[in-house]
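See structure below.
Just so it is clear, none of the values below were taken in a lab; they were calculated from the coordinates. From a predicted model like this one, the values you see are computed outputs, not experimental measurements. Virtual Cβ from ideal backbone geometry, glycine too; neighbours counted across all protein chains shown.
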Amino acid sequence: MIATGLKTGTIFQEKNQPWQVEKYSHIRTARSGVTVKVQARNLITGETRQMTYRGDTRVEDAFVQRKNAQYLYESAGYVFMDPQTYEQFKIPEKVLGEQAKYLKEGAEVLVLYYEEKPMVVEFPNTMVFEVTYTEPGFKGNTVSNVYKDAEVDGGFTVKVPSFIERGTQIKVDTRTGGYVSKA
């Protein structure tokens, strides 16, 4: 594939290592033509790096396979199970990073395999969490968009509208970490 085909989420190979594009920018200038800048994460080491390519540069495809998996528990990494074979496998903490907060026991996720090894967890775009603590909303704050902090059962904090109360089920966008709606 050519470098202009690199978009957010695309997986490619650089020096026999798989990389996933996290951020992408396409710059066109009259003098030098198209330049593609990407921020990519190495799927094996977890390293993040800025890479720049000319628009016509060829980038090697990385062949990955997506399989369903179920999250089980944490034990010096995160343990998942393949629902087809009941085989268990572990993904290191450094690979999941900040997204580990979305793991809930029994949650269904997609796992990307590279060369038959599990590498990356893809979460659904939205997940449902229960609000475990939030301050009460105040009358008069209903006219404008007033947000407050709410702790959810995943152990993290989300900004929610003032009408959300403790015990409410909410949808959270796993790409941004923001409130989407009541569930």
Please report, in whole Å³, the volume per residue of the convex hull around the C-alpha atoms of the stretch 1-76. 104 Å³
Run down the aspartates and glutamates and flag those whose C-alpha is under 17 Å from the C-alpha of K101, throwing out any fewer than 8 positions away in its chain. E74, E93, E122, E130, D149, E151, D153, D173
Among the lysines, select those whose C-alpha is under 28 Å from the C-alpha of K94, and discard any that sit fewer than 8 residues away in the same chain. K7, K15, K23, K37, K67, K104, K117, K159, K171
Among A100, A30, A40, which one shows the biggest mean-square fluctuation in a GNM of the chain, springs joining Cα atoms closer than 10 Å? A30
What is the extension gain from E93 to Y24, computed as 0.36 nm multiplied by their sequence separation minus the C-alpha to C-alpha distance, in nm to one decimal? 22.3 nm
Just add up the charged neighbours of K104: K/R +1, D/E -1, any other residue whose Cβ is under 13 Å from the Cβ of K104. -4
Principal axis extents for the chain, Cα atoms only, whole Å, descending order, please. 58, 50, 24
With +1 on each Lys and Arg Cβ and -1 on each Asp and Glu Cβ, and nothing else charged, work out how big the dipole of the chain is about its Cα centre, in Debye to the nearest 20. 900 debye
Summed over the other residues with a beta carbon less than 10 angstrom from that of V21, with K and R at +1 and D and E at -1, the charge totals +2
For a paramagnetic label modelled at 7 Å from the Cα of D56 toward its Cβ, which residues of the stretch 13-45 fall within the zone defined by backbone nitrogen distances under 17 Å? 27-36
Check: C-alpha center the stretch 23-59 vs C-alpha center the stretch 151-183, spacing in Å is 34 Å
Taking only C-alpha positions in the stretch 64-122, Rg and Dmax in angstrom work out to 10.3, 29
